[in-house]
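See structure below.
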Amino acid sequence: MKTTERLRPTELLSQLAKANSCGCLEIESELLVSWKIYLHQGEIQYVYSSIQLLDQLKYHLHYFQYKQAIAALKQVPPSLLQVESSIKDKSDPPKIYGKVISWLLKEQHLDLSQTLKLIQNITKDEIQSCLWLQNFTSSWRDGDSLPIWIPVQIRDSLFWNVAECLNENQAKLKQWQNCSQELLSVYQRPYFPPSWQNKPMPVSGSLNHKTLVELTQVLTGRTSIRQLSILLKKDELQVAQILSPYIDEKMIYLHHPPSPLDRLPHIPRNILQSPLDVNRDRQITQSNSSKTSVKTWKIVCIDDSPTILSEIKRFLDGEKFEITAIDDPVQAVSKIFTIKPDLILLDITMPRINGYKLCGLLRSSGKCDLTPIIMVTGNTGLIDKARAKISGATDYFPKPFTKEGLNNIVAKHLQ
């Protein structure tokens, strides 16, 4: 039986490790991406993710420079790759890694030692994204053993201490959080806007103008940060750290990850607190609440641009407003139903679900009948305004906007 978990994945794994559990922890996100974490005597053996692509497997092969296996991928029988088309089908999750790795091993393009390293690296990669989840459901199957495709000869070597895993991932998360705030995923695709040379060179940047010009041939919005790390023969975190000053300076922009990789969790931006910090903050909150009874309005902002979301949060008073920024419109509906905001700021031009459609969904749900929904957009034509009204929008607010203008329209609808 699956239940919505209030514990974080880190806490679940810690409990299972303390109990020396043997079995499989299944976790599923709001966007129907699932993970299976296989444990034996409280240690991690293997992590399976429902999003498995041949390009992803190719990345892991490149990581170890297994050239023979990389070349052999061109000869993989098409029947092994057909499951990619059913990636969104929950009833038949894809098993590309297992089928292709088994084939590479059978055809002697990989040996057992290489296969062991490959599976260990896949596990480290998959557990990282799983640990970034905020909302999920989980279930535990006691005694579940490893998938049958994993060779018997290497099973006894597939052990990763949970405490070591969590410490390693927490350290890496802190490094990711120190990168640009607009950097949300290794699958984002950097590119140079036409006006990039008019921007000032960042003081903290390590690349000169000549190198940036050379990078314009590579960073065209098609190559992800992960793929770029292979081309540059650098760790993907290192690539992200190098690019971050130029992303912050708006010399480099980022496209969203392609589907289905856009359904994976983003880098969490809320730093985890220790129990002492939580208690201290609770005491401060209680102390402050006893001094004042000013209402905090809950506002949800939905926009696929991290820059716009950052500006909205910066312009609105943090003491008056509790602001939730959502950059993926697919996740918006469930989060809005949970938060129950007093006002919604909604962009029109977004991937997969545009603002008009999302506004219509919210209005038809019966849960946002009285909630003001303000369209925030650069489209200012009469037709656009008419479409916004038809979809159920309360008001229309053009980009670019000022701090004063934003506060005025918010105040207008929160009287």
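Read-outs throughout are calculated quantities, based only on the coordinates presented, and are distinct from any laboratory measurement. Predicted model only: the values in this text are computed from it and were never measured. So basically every Cβ, Gly included, is an ideal-geometry build from the backbone, and we count neighbours across all protein chains shown.
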Problem - Values of log10 I(q)/I(0), in the order q = 0.18 Å⁻¹, for the range 178-263 under a Debye, Cα-only, solvent-free model - result: -0.71
Handout entry: Relative intensity, log₁₀ I(q)/I(0), of the chain from a Debye sum that treats every alpha carbon as a point, q = 0.06, 0.10, 0.11 Å⁻¹
Key = -0.30, -0.83, -0.99
Fill in the blank from the handout: In debye to the nearest 20, the charge dipole size for the range 3-176, taken about the Cα centre with +1 at each Lys and Arg Cβ and -1 at each Asp and Glu Cβ, equals 340
Handout entry: Tilt relative to the chain, helix 162-177 - C-alpha long axis, 0 to 90 degrees, to 10
Key = 40
Practice task
Using only Cα atoms, tell me the angle between helix 236-248 and the longest principal axis of the chain; keep it within 0 to 90° and round to the nearest 10.
Solution key: 20
Completion exercise
For K199, counting only aspartates and glutamates whose alpha-carbon sits under 16 Å away and dropping same-chain residues fewer than eight positions off, the answer is D248, E249
Practice task
Would you work out if the range 307-373 is rounded, prolate or oblate? Take a ≥ b ≥ c from the square roots of the eigenvalues of the alpha-carbon gyration tensor; rounded if a/c is under 1.5, else prolate when a/b is larger than b/c, oblate otherwise.
Solution key: oblate
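In what order do M375, M350, M201 fall by count of nearby beta-carbon atoms within 10 Å, going from fewest to most?
M201, M350, M375
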Practice task
Return the long-range amide H neighbours of T377 (sequence gap of 5 or more, or a different chain), with a cut-off of under 5 Å between placed amide H atoms.
Solution key: F397, K399
Practice task
With no solvent and one equal point scatterer placed on each C-alpha of the range 118-198, evaluate the Debye formula and give log10 I(q)/I(0) for q = 0.25 Å⁻¹, two decimals.
Solution key: -1.40
Problem - Nearest 10 degrees, 0 to 90: helix 275-291 Cα axis against the chain principal axis - result: 10
Problem - Which listed pairs, of K234/K335; K174/K233; K106/K172; K357/K385, have C-alpha distances above 26 Å, in listed order - result: K234/K335; K106/K172
Practice task
Throw me the Rg/Rh for the range 3-176, computed over C-alpha atoms with Kirkwood Rh, two decimals.
Solution key: 0.96
Handout entry: Residue order, fewest to most surrounding Cβ atoms within 10 angstrom, among L12, L131
Key = L12, L131
Problem - ³J(HN,Hα) computed for each position of the range 25-39 - Karplus, 6.51 cos²θ - 1.76 cosθ + 1.60, integer Hz, glycine/proline x - result: 8, 9, 10, 10, 8, 4, 8, 6, 9, 10, 10, 10, 9, 8, 10
Fill in the blank from the handout: As a percent rounded to 5, the proportion of antiparallel DSSP bridges among beta bridges in the chain is 60
